[in-house]
1. Once label points are set 7 Å from the Cα along Cα→Cβ at both K203 and H91, what is their separation, rounded to one decimal in nm?
2. At a Förster radius of 51 Å, what calculated FRET efficiency corresponds to the Cβ-Cβ distance of R74 and A194, to the nearest 0.05?
3. Give the lysines reachable from K169 as a straight Cα distance under 26 Å; neighbours fewer than 8 places away on the same chain don't count.
4. What ranking, highest mean first, results for peptides 21-33, 168-180 when packing means the other Cβ atoms within 10 Å averaged over each residue?
Amino acid sequence: MASPLSRMLPLAAAAMECRLSGRLGTEPRDMSLSPSKGYYSRVRLHGDLVVSYWLRAVGGAVRPTLQHEEAAPRRFDHKFPLLNGLNADHHSACCDAIREVLLRARTPLGLDAGSWDDSLADHLATLTVDAVRRERVAGDGGEHRGVPPRFDVDLALTIVAEFVYSEPKALLLACDKAAAATTTRAPPCRAGDAECRVCVEAKEDTMARLPCSHSFHRGCILPWFDKVATCPMCGHDVAKYLAAATNTPIGKFPAALFGP
Ligand SMILES: [Zn+2]
Ligand SMILES: [Zn+2]
């Protein structure tokens, strides 16, 4: 299973954000817990990975629109032992183990660490530990000759992976690239160039410079690009730089990411 991002031009891939969320199944059988005969508690995480693609377009009022959803969910099935046992004191061990499994589930998607919503592992660990605690209260209450109880835990999950193409981010990267190619032709500084013209604050070292030579704080120009693909100062149309850098016209999802 190749990463969908590997089929994109690097600049477009760099503007792709990945959102992951997950939920437990709602049927009683989607979460089961039974006493284990093994030496360790064991957890099985299995279910569907649902992958969809979204476009957050320049001028799209920040709301992404769905472009494509994979017809068939990708199945995953992982089993792992919890070597440190499984009880109310071991939330963090359970969390680490679940995080490890989710890491393996997302690797084929080419997701990086920053794109990961860590609350999912914490949420699942809490559910698991709570279920164990309930089982212990309902059962004989715990230890046999000093040995902590062990369980087989089975969790059916749906993990949702949303690839969101941020066109404003791609536009900024494309402008960076085009501006770098025109460095030698940049005009000399003029009066008033000491401030960013969006927020009227002093400029910093890491300004975004557009191909028209006007520069802005990155945090100022990006929200501007949410609305329109022009320079705030001179109205220079920058959409063509995006089209050139991504082979995709403005307002479109990058080609060749999904489909044949
Ligand atoms: Zn600014
Ligand atoms: Zn300009």
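1. Rounded to a tenth, the inter-label distance reads 5.0 nm.
2. Details: r = 52 Å, r/R0 = 1.03.
With a Förster radius of 51 Å, E is 0.45.
3. Once the sequence-local lysines are set aside, what remains near K169 is K177, K203, K227, K240, K252.
4. Working: 21-33: 13.8, 168-180: 21.1.
Those peptides, ordered most packed to least, come out 168-180, 21-33.
Read the figures in this text as sums done on the coordinates, not as results from a lab. If you're wondering where the values come from, they're calculated on a predicted model, not measured in any experiment. FYI the Cβ positions are ideal-geometry reconstructions off the backbone, even for glycines, and counts take in every protein chain you see.
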